[in-house]
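Some notes on the structure that comes next.
Every number here is computed from the coordinates shown, using simple stated rules; none is lab data. Please read these numbers as outputs of a predicted model, since none were measured by experiment. Because the Cβ atoms are built from the backbone with ideal geometry, glycine has one as well, and the counts that use them run over all protein chains shown.
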């Protein structure tokens, strides 16, 4: 299952949807608790306390686990941006070690490559993944990889030296970082089954909590609403971290834009 629905919805919309779901679950439990209370089911009252405590503990654990996974993925994406910028910058500098024809061709291709990468990220931020032709971007990136490799291999065949070896090593790093960024940005997401499990446990917890409240005969909205808002905020934060380029928390591209500016300065 893809994540188009998460990419197309705003953070505020997701927050409202989760908050309403939690409040509805609590209200459902409250109505159930009132019915049990009217039947004077005292055994249910004594067993609800431990159940609510256990479910709240389980929900806290699952939320912490999910948030930890999304935070780790977010940190990896940020590091990959810096590593890719360093790899491309090194390759750009080492191109000076080659003869003029190969040097100019490689530098031109690397400038185009950086422009494509930055534009792809900006398009995803404005249009979302669903509105961006990711396949075309990836295909163009691979095409530039092949052209860069053709230039470096031709230079190595003509003059196999330490300089060409360094150039080839740098290009290998550029190609490797491409795959790392694609994997981290597009494929390393929290599985939809985990989100379903988290939401399911949250709903069950709120129903049980509402049932316990129902036995008292008072909704206690002063306590229920802040609790619902807090759980919703944590869930939305995890969802936002899981969307690397769209939302309130995005992966900064400062390293790539700085590299682009340096390349443009040299060009002019």
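For the pair residue 254 and residue 28 in one chain, pulling the backbone fully straight at 0.36 nm per residue adds 76.6 nm over the alpha carbon distance.
In percent, rounded to a whole number, the relative contact order of the chain is 46, using alpha-carbon pairs under 8 Å and six or more apart.
The length gained by stretching the chain between residue 143 and residue 71 to full extension, at 0.36 nm per residue less their Cα-Cα distance, is 22.7 nm. GNM on the chain, alpha-carbon springs under 10 angstrom: the most fluctuating residue among 177, 51, 229 is 51.
Taking label points 7 Å from Cα along the Cα-to-Cβ direction, residue 159 and residue 58 give a separation of 7.0 nm. The helix-based estimate of mean residue ellipticity at 222 nm for the chain, built from -39,500 (n - 2.57) per DSSP H run of four or more residues and divided by its residue count, is -29000 deg cm²/dmol to the nearest 500.
With each label modelled as a point 7 angstrom along the Cα→C-beta vector, the residue 86-residue 176 pair spans 1.2 nm. Residues 154, 90, 205 in ascending order of nearby Cβ atoms (within 10 Å, fewest first): 154, 90, 205. Counting neighbouring beta carbons within 10 Å and listing from fewest to most, the residues 202, 26 come out as 202, 26. Against the compact-protein benchmark of 2.2 N^0.38 Å, the Cα-based radius of gyration of the chain scales to 1.44. Could you tell me the center-to-center distance, by alpha carbons, between segment 97-128 and segment 133-190 in angstrom? Computed from Cα coordinates, the inter-centre distance equals 11 Å. Sorting 112, 84 from the fewest to the most surrounding beta carbons within 10 angstrom yields 112, 84. For residue 115 and residue 20, the difference between the fully extended length at 0.36 nm per residue and the C-alpha to C-alpha distance is 30.0 nm. With R₀ set to 41 Å, the beta-carbon distance separating residue 265 from residue 223 gives a calculated FRET efficiency near 0.10.
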